[in-house]
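Structure, as structure tokens:
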Ligand code: GDP
Ligand code: ZN
């Protein structure tokens, strides 16, 4: 397939970092050649790197000292011709090179467009493309590993084997219907059907079970810090942000113009509500009442409730405990450097099973314990990176949910002994839904597929 040539800055725009302008498309090499001084890039071998200078062909002025990689399709990520111009300077020079590339025939790539091309050109399947898109947005190492795992096709493999299972089941049914006299074909009894359906249903359920964790890893736990005025909420936010560098990922093909307040606490990505939001919640319970505030807080995956060690518990503190009932929370008793006034026994009663952590943010004490508490809250053995196929994409989740439903219909049908060709419909639908996850929307009839797979002794 042929598309126009796209270009973008494909490295994070940090100071001092090497920045790359990447081009992909039929004219990638030609366009790069127009602005490269030393030699003809159209005559070099594929997959070679060349030192030289970028010039503005109109004025003849030298703009940048660069290394240029020339890679001819199809052995590239997009399967198209790809050129990468490595610039040493900062933002200004890389932008100048990009401008030149754009004025000499390339079009600015949309975010993720390189990946889209890899998909359109058949280099990767849909779930892999989506994994790369997740990667582009990945906020932490863990989320990144998950995305890479998916990209490597774990999810695809699992889905493919489930579809195979369904296909074989369908083939058996088909044979029983069409050739009832054929004895050497195993009789597809309802019992066998139930077993097969149960297996597929169970596997789909397992996949769905990981999806919430996947979502959390990818999007970050939305975390709200609450507490009375002056207990140290802002200090807490600051120390979390300072101790845990916000994460940037190094993904080719993305221009990054959105910077979000994410922090990575021992592998747990937290999406801290912005400071404005936090200030809003300061007196939230008082302002809008327990019921309303519960609703606001319900949006959060994690609450950090801050108390003051050097002060007595107040009715406001108690109300905050009421407001967070039933939610994930950690209780922070801050300002332990002050003389104790708080009633710790009472705090323990109010906190029920919530972890309690004591800190002195002023003396930078206890933040470690808080991080430990956050991490063990979410990684208590339930998430062993690398072992599972995490489902992290909302489209996949929707399709899996539908597939689970159609498998339930099938199972119900089998149990109530309805005619087997009706059960076929649900199984076929499940097969199609799973196919959509890996981008395999087969046009040809399923029956043809079935019979090419299931050779009937001819
Ligand atoms: P917020 O109103 O809950 O956001 O509280 P701030 O974070 O703005 O802190 C209020 C005041 O308490 C500031 O003067 C902080 O420096 C101070 N503070 C924060 N943490 C501690 C602590 O651990 N010990 C002491 N003594 N003061 C603290
Ligand atoms: Zn504050």
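The selection criterion, being modelled with pLDDT of 75 or more, out of contact with any strand residue (DSSP E or B) (no Cβ under 8 Å at 6 or more places or on another chain) and within 30 Å of residue 220 (Cα to Cα), does not hold for residue 169.
Flag: residue 369 matches the condition of being touching a strand residue (DSSP E or B) at 6+ places or on another chain (Cβ under 7 Å), assigned to a helix (DSSP H, G or I) and at pLDDT 90 or above. Checked against the criteria, residue 112 counts as touching a helix residue (DSSP H, G or I) at 6+ places or on another chain (Cβ under 9 Å) and at pLDDT below 90. Checking 203, 243 one by one, the residue that is within 16 Å of ligand 1 (Cβ to nearest atom), touching a helix residue (DSSP H, G or I) at 6+ places or on another chain (Cβ under 7 Å) and either modelled with pLDDT under 75 or not assigned by TED's automatic domain parsing to the domain that holds residue 307 (or both) is 243 and no other.
Quick one: would you say residue 357 is away from ligand 2 (no atom under 16 Å from the Cβ) and within 36 Å of the chain's Cα centre (by Cα)? Criteria met by residue 357. Residue 337 satisfies every condition listed in (1) modelled with pLDDT of 85 or more; (2) not assigned by TED's automatic domain parsing to the domain that holds residue 227 except (2). Residues of the stretch 30-49 that are in a strand (DSSP E or B) and within 25 Å of residue 115 (Cα to Cα): 48, 49. Of the residues making up the stretch 322-329, at least one is modelled with pLDDT under 90 and part of a helix (DSSP H, G or I).
The values are calculated or read from the model by the stated rules, or taken from the named source; none is laboratory data. Here the structure is a predicted model, which means the values were calculated and not measured. Glycine gets a Cβ as well: all are built from the backbone with ideal geometry, and neighbour counts include every protein chain shown.
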